[in-house]
Amino acid sequence: MYGSAMMQIGTLVVIFIHFDLMCFLKDDVKRITAKQGNTFTLRPEVHTLEIGAQILWVFNQNSKDSKIVNSQVFKGEIHTEYSGHFKDRLLLDRNTGSLTIRNVTTRESGIYRLQIIGEHVSSWHFNCTIYAPVSAPNISRGHSHSTPNIAKSRTWSGAETQSSSNRSCQVLCSVKKDRQVSLSWFRGNQLLSQTSSPDVNTTLSLTLDIDEKDNTMYSCVSSNPVSNDTTYLNITVMCSMNQKDPSMSKRQYLLVLLALCLCATIAIVVMAIYLKKKGENNISRCTGGHPRCVTRDRTDL
């Protein structure tokens, strides 16, 4: 009980000193990046702490329950309290004040502050950004069109002729947008184009026009500061001449379908009119005493 009470009183004193000193101390902010699910360590520039030094770690000072680690010495015993939503994933090094955080998530991005109080007061600030692993880019087919590729040749008479054209295939690479994600097209190791956007609610996309007979290796790469993913382009499959040309829109397909239906309807109507007229002609012949009709009537009798 005594130790717990002393620890709470000490905590209040330290927090008071901490916020008071923050108005006067101005330190460089160290920037840290990490991938979601990994472990990282926040290390102050300290080799060895004083034996009785008090250590206080704070996460996002203005948030609720910002204090995450408080380590103090009472009567020669070290009392370390871990708190906050990730207390079971924290590990403090009492010798240096370093704090290790395991299995980090994106919501743990923010400002971490350390204050060490002994004979002197020192503080450090860490700006941590946690990134989710980047998504794999998706490659789909865009429009195809013929582009002239002039090839010069000479006939037997010596006259130059120009002919031939290649079919160009357009492919589209896209990826779900997230924090600081960029999208790039590569030809081998050569960067061809790149795009990014500050809006995290959009989908990044990047087109590429290539010759269907090109045998070069193309790849689309999505990346952020801590990870990247690559999708390779299969030109033979993606740009096959047997695939339907996506340049024909859904509206055009609908118009073609309507035209076919109209032709079928007209054919049915024409056939119905023809059969009706043929039936009327047969009736008129029988009424006029046509031999076939007379013979048929006798047979029926």
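Points worth noting:
- Test: residue in segment 85-103 that is modelled with pLDDT of 95 or more, assigned to a strand (DSSP E or B) and among the polar types (S, T, N, Q): yes
- Counted residues, segment 192-231 - those being within 20 Å of CYS169 (Cα to Cα), of a type in the set (S, T, N, Q) and touching a Leu at 6+ places or on another chain (Cβ under 8 Å): 5
- Residue in segment 18-31 that is surrounded by 14 or more Cβ atoms within 10 Å (Cβ to Cβ), in a strand (DSSP E or B), among the hydrophobic types (A, V, I, L, M, F, W, C) and at pLDDT below 95 present: no
- Where helices (runs of 4 or more DSSP H) fall wholly inside segment 185-301, the ranges with 3 or more residues that are modelled with pLDDT of 85 or more are 235-238, 250-287.
- Residue check for GLU77: among the acidic types (Asp, Glu) and in contact with a Gly (Cβ under 8 Å, 6 or more places away or on another chain): yes
- If you go through segment 81-91 and keep only what is open to solvent by 50 Å² or more (accessible area, probe 1.4 Å) and not basic (Lys, Arg), you end up with GLU81, TYR82, HIS85, ASP88, LEU91.
- Extreme residue, most open to solvent (accessible area, probe 1.4 Å), among residues of segment 92-105 that are in contact with a Leu (Cβ under 9 Å, 6 or more places away or on another chain) and more than 14 Å from GLY52 (Cβ to Cβ): ARG102
- Taken over segment 57-80, the criterion of being open to solvent by less than 20 Å² (accessible area, probe 1.4 Å) and either touching an Asp or Glu at 6+ places or on another chain (Cβ under 6 Å) or farther than 19 Å from ILE32 by Cβ (or both) is satisfied by ASN70, SER71, GLN72.
- Among the candidates ILE116, ILE78, residue that is of a type in the set (A, V, I, L, M) and farther than 30 Å from TYR131 by Cβ: ILE78
- Test: residue in segment 228-235 that is more than 29 Å from ASN38 (Cβ to Cβ) and touching a residue at least 40 places away in the same chain (Cβ under 8 Å): yes
The values are calculated or read from the model by the stated rules, or taken from the named source; none is laboratory data. Fair warning: this is a prediction, and the values are worked out from it, not measured in the lab. Cβ atoms come from the backbone with ideal geometry, glycine included; neighbour counts cover every protein chain shown. Note: areas computed on protein heavy atoms with side chains; ligands, DNA, RNA excluded. Shrake-Rupley method; radii C 1.70, N 1.55, O 1.52, S 1.80 Å.
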